[in-house]
Amino acid sequence: MSAAAPRARDPYRWWRTGLFLYTGLFLTFLYLPLIVILLLSFNDSTSTGFPLQGATTKWYAQVLDSADLIAAFANSLAVGATAAVISTSLALLLALGFRHGVRGQSLVLNLILLPVLLPGIVGGIVLLIFFGYMEIRSDLWTTVLVAHVNYVLPFAFLTLYPRVHGFDRTLEEAAMDLGATPLKVFRHVVWPMLMPAVVATALFAFTLSFDEFIRTVFVSGHDRTIPVLFWLLVVDEIAPHLPAMAVVIILVSTALSLAAFAIGRRADRST
Amino acid sequence: MAAEAVAVSIRKVGKRFGNVAALDDVSLDIRRGEFFSLLGPSGCGKTTLLRSIGGFEAPTEGDILIEGRSVLHLAPYERPTNMIFQHLALFPHLGVRENVGFGLRMKGADRAASARRVEEALRLVRLEDYGERRVDQLSGGQRQRVAMARALVNDPAVLLLDEPLGALDLQLRLQMQEELRRLQRQLGATFVFVTHDQGEAMAMSDRIAVMNAGRLQQVGTPAEIYERPANRFVATFVGHANMIEARLTGRAAEGLAEAEGPAGLRLRGIAPPHGATDGGVLAVLRYEKLRILPHGADGEGIGATVVEKTYMGSSLRFACRTGAGATMTADTPNAMPQRDIGEGDMVRLAWSPEDVVLLTD
């Protein structure tokens, strides 16, 4: 090859540079607020905002000391776990039933998924009117739990149904062929194979419940969940530890979602 | 046949899905210790019949007896059968040993005895070193063997095999055929094997049932099926044959009959069993039973010209036109003297009357 060989021009050079800049802007837009919150959570100042006054961890200490926050956290955990277990169980039963082919199945399927499209504010108002009409007092274990299950169930079904539907029926036949009664087929084959998907669904349902705000604010009464407490803090008072609380909640939510995602991937590989 | 020698008795079994008959009046007996194949094209009902024996389909008519007892009222988990599924259906969440031991565990067998039998079954299929593996760590052939061990460890009265070799490539397939045959002989077990591959059925079976469109066409040994097909379907589905429409012209000695084909071709062959003295018959002559001889050979046979020569590796195929205008095809080994015959050459075609089967249907 001669030294004077012309360099081939990269026809996509400008396109590549543009894409690079665009991606940078996109990520900044997504993550800048989070970074700001993180910085502010360590800011040694009683007023939330810039300029930064110096670093401190006292807001985190205050967060861990706040009785309100701990109570709300406990409420969110408890109601989230309960809603997750109930909605995942219902979704599992429904999905298992659907495998046998029900008359009008696609209509039922669509009816189950329709509430996903319902705006949260409408859902909240509808629930408020409904509970008022039924004379049910707003409380964590009645109205809030029902609201959360009601909200989470379609999502849980949506997550679980494809995995249950895709389950290889010949595995059940094989188990039956080897002497397993229907109950044993479920216990030794169907359940162990679906369990990762069920756990992933439950974690997903939990994060949905944990984050739920609009419906909850309508029906929560005196019991506060984390999002409701946040809202009250922002509206009612100056709360310099708010960014620290936000960071804690972000960490908890992200960890759970990643766990759900990882378990879900394992479930996909095994089926 | 003595009743105690029958492992599975299919009696006038029918299965209708709406108006479609997947099985239509099927009756046959499968003997104990026999390698029995159900052979037919896809949709012929062979898998439906197999699944009916296993309890996964409920016949709408007739009865199925295993070891002399009707099993129609029994669920799959109550039947003395085990099945090897088309795609094996190994449990992906269990290891090799747990897969093989699944049946014993479901029946609540004694742990120590089960463990011993599992090892024995693994040894039987030559997988004694693979007990700890996960199923997805095995090759195709090893998975086949796990499926066999998982079924055989339960010592079934009948082992049902639903085209388990269908997904394998040719070499492995031949190897597994041999392996299955070895196991069946060694255990003296009754195997019912579904396949659409006639070569596979021939190579492995003691007897074959040929099925088409839900109906039984013929039951017999591979040689009977091949040499004496009962009807046009069997003659076409199994092997390659010259099929010559002819008219019966008279009976001859020793079960032979005379027939006349197109262009005055005179044929002598095995007479149809049900004494159709006059009328149309189908003369069936296997390609390889038709001998093709160089022109110079002695006066045996009839004169013909080679129209097309096809090279097939171990054999050669010659399509020939007889002097009178009939087309006949012959397969010969790829060897002298036929190797040197070319297209357009004059040849002589000869065959024995015992190799021609005259069919009425």
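Odds and ends about this structure:
- The set of residues from region A:202-218 being of a type in the set (Gly, Ala, Ser) and open to solvent by 20 Å² or more (accessible area, probe 1.4 Å) comprises just one member, A:Ala202.
- Options B:Ile10, B:Ile30, B:Ile64, B:Ile53: the member that is under 26 Å from B:Val234 (Cβ atoms), assigned by TED's automatic domain parsing to the domain that holds B:Val194 and part of a helix (DSSP H, G or I): B:Ile53
- Breaking point among (1) open to solvent by 20 Å² or more (accessible area, probe 1.4 Å); (2) within 10 Å of chain A (Cβ to nearest Cβ); (3) within 25 Å of B:Val6 (Cα to Cα), for B:Asp155: (2)
- Beta carbons closer than 7 Å, at least 6 apart along the sequence or on distinct chains, pair a first residue in region B:107-122 that is more than 14 Å from chain A (Cβ to nearest Cβ) with a second that is surrounded by 15 or more Cβ atoms within 10 Å (Cβ to Cβ) and of a type in the set (A, V, I, L, M) for B:Leu122/B:Val100; B:Leu122/B:Ala149.
- Residues of region B:60-74 include none that is over 16 Å from the mean Cα position of the chain (by Cα), of a type in the set (D, E, K, R) and within 14 Å of another protein chain (Cβ to nearest Cβ).
- With a requirement of 2 or more residues that are within 23 Å of A:Ile35 (Cα to Cα), the helices (runs of 4 or more DSSP H) lying completely within region A:159-257 that satisfy it span A:191-211, A:226-236.
- Residue within region B:42-51 that is modelled with pLDDT under 95 and surrounded by fewer than 20 Cβ atoms within 10 Å (Cβ to Cβ) present: yes
- Test result for B:Ala271, free of Cβ contacts under 8 Å to residues at least 12 places away in the same chain, open to solvent by 10 Å² or more (accessible area, probe 1.4 Å) and within 33 Å of the chain's Cα centre (by Cα): no
- Condition met for B:Gly95 (buried (at least 22 other Cβ atoms within 10 Å of the Cβ), without any contact (Cβ under 8 Å) to a residue 60 or more places away in the chain and either within 14 Å of chain A (Cβ to nearest Cβ) or over 24 Å from B:Arg126 (Cα atoms) (or both)): no
- Unmet criterion (only one of (1) at pLDDT 80 or above; (2) assigned to a loop (DSSP other than H, G, I, E, B)) for A:Arg9: (1)
- Cross-chain or 6+ apart pairs with Cβ under 6 Å, region B:174-195 first and assigned to a helix (DSSP H, G or I), then at pLDDT below 90 and surrounded by 19 or more Cβ atoms within 10 Å (Cβ to Cβ): B:Met176/B:Leu165
- In region B:124-149, the residues that are over 23 Å from B:Phe193 (Cα atoms) and either outside the structural domain of B:Asn99 (by TED's automatic domain parsing) or assigned to a helix (DSSP H, G or I) (or both): B:Val135, B:Asp136, B:Gln137
- For region A:30-66, a residue qualifies if it is among the hydrophobic types (A, V, I, L, M, F, W, C) and within 14 Å of A:Leu242 (Cα to Cα), and the qualifying residues are A:Leu34, A:Val36, A:Ile37, A:Leu38, A:Leu39, A:Leu40, A:Phe42, A:Trp59, A:Ala61, A:Val63, A:Leu64.
- Some residue of region B:74-83 being modelled with pLDDT of 95 or more, buried (at least 17 other Cβ atoms within 10 Å of the Cβ) and touching a Pro at 6+ places or on another chain (Cβ under 6 Å): yes
- Scope region A:175-201; condition open to solvent by 30 Å² or more (accessible area, probe 1.4 Å), of a type in the set (A, V, I, L, M, F, W, C) and touching a helix residue (DSSP H, G or I) at 6+ places or on another chain (Cβ under 9 Å); matching residues: A:Met176, A:Phe186, A:Trp191, A:Met195, A:Val199
- Here A:Gly221 passes the criteria (1) open to solvent by 20 Å² or more (accessible area, probe 1.4 Å); (2) in contact with a strand residue (DSSP E or B) (Cβ under 6 Å, 6 or more places away or on another chain) except the one numbered (2).
- The listed residue being in a strand (DSSP E or B) and surrounded by 12 or more Cβ atoms within 10 Å (Cβ to Cβ), out of B:Ala259, B:Ala324: B:Ala259
- Residues being part of a helix (DSSP H, G or I) and not aromatic (Phe, Trp, Tyr) - total across region A:44-62: 3
- B:Thr332 surrounded by fewer than 17 Cβ atoms within 10 Å (Cβ to Cβ) and part of a strand (DSSP E or B): no
The values are calculated or read from the model by the stated rules, or taken from the named source; none is laboratory data. What you see is a predicted model; the values in this text were computed from it and never measured. As a convention, Cβ positions derive from the backbone with ideal geometry for all residues, glycine included, and neighbour counts pool all protein chains shown. Please note that ligands, DNA and RNA were not included when accessible areas were found on the heavy atoms of the full protein model with its side chains. Shrake-Rupley method; radii C 1.70, N 1.55, O 1.52, S 1.80 Å.
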